Amino acid sequence: MNTFKSTLLLVALTLFLIFIGDRVGGRNGMVLAFALSVAFNFGTYFFSDKLALRMYNAQPVTREELPRAYAAVERLTAKQGLPMPKIYVLPTESPNAFATGRNPQHASVAVTRGILQLLDDEELEGVLAHELGHVRNRDILTSSIAATLAGAITMVARMGYWASLFGGGGDRDRDRGGGMSGLFMLILAPIAASLIQLAISRSREYEADATGSAVTGNPYALARALQKLDDYSRRIPMQASPSTAHLFIVAPLLGGGGFGQLFSTHPPIKSRIERLIGRDHV
């Protein structure tokens with residue numbers, strides 16, 4: 001299913017680029033956009049994880065530098081028969097974590113400096129089990145592609161908007177219509193990107209929570225970790241890109257409750273805790 005979702009996202013990116021190419025440059029624009037989409041899809045499949053890690057200045061660490069996390073990951077991967085992923089640290093005090101990569105053989109798990117300081121051993125193991133749950137469930141490629149796709153849609157929409165304004169040529173009415181079309185793309189494209197993220201991320205978090213707690217046999221540790229992460233993330237907000245917000249274990253961009261929850265890439269923490277331990281608080 002996740003392979004199908006990944007393929008669908010890449011097809012969506014191709015169609016979107018071709019549409020933009022047609023609007024901006026007609027037939028020649030479509031040909032150029034198709035060539036661009038082939039290159040972009042190749043890069044997205046093989047390098048989307050590296051882009052996400054580089055975006056947050058993630059630094060690879062050795063077993064000697066981070067023995068606590070390495071020991072936990074080694075135990076968890078051995079239990080599930082997974083290859084050992086690469087481990088990275090993000091230089092931020094905001095507590096969070098994410099997993100990325102195209103498959104279990106090319107997976108990476110990243111934790112922030114803040115999460116290492118905040119959580120005890122059981123809670124950290126619960127978080128790492130959650131992230132390895134994404135690896136085991138093969139969510140990581142889909143989420144990495146979605147991050148790249150969301151950023152690409154927004155970027156290309158902006159390019160299309162400016163091209164429609166300064167593309168020269170044609171009569172004034174057509175230019176005005178092109179500018180208006182470009183403006184609609186600029187407004188609607190980020191919404192489309194957000195909807196793509198929402199479609200794939202909320203259920204994934206519940207599944208990874210369930211997988212992680214089953215592997216550790218300690219749902220209470222993950223529930224405590226989620227409660228702490230939710231509390232401290234509000235105090236020390238994560239400076240994150242909206243296109244990659246869905247990668248993290250807790251939403252780095254907190255929009256509050258109510259209407260804002262409709263556009264959150266994550267289900268509410270209370271709902272996640274309730275599914276883990278049967279009540280909405282630890």
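Panel order for LEU124, LEU247, LEU132, by other beta carbons found within 10 Å of each beta carbon, from fewest to most: LEU124, LEU132, LEU247. Listed by chain and number, the aspartates and glutamates whose alpha-carbon sits under 12 Å from that of LYS86, ignoring those within fewer than 8 places in the same chain, are ASP49, GLU74. Extension gain for THR62 to GLN105 (0.36 nm times residue separation, less C-alpha to C-alpha distance): 13.7 nm.
A viscosity of 1.002 mPa s and a temperature of 20 °C, combined with the Kirkwood radius over Cα pairs in Stokes-Einstein, give a translational diffusion coefficient for region 38-100 of 159 µm²/s.
Read-outs: derived from the displayed coordinates by stated rules, not from any lab. The structure displayed is predicted, hence computed values, not measured ones. Cβ coordinates were reconstructed from backbone atoms using ideal geometry, including for glycine residues, and neighbour counts include every protein chain displayed.
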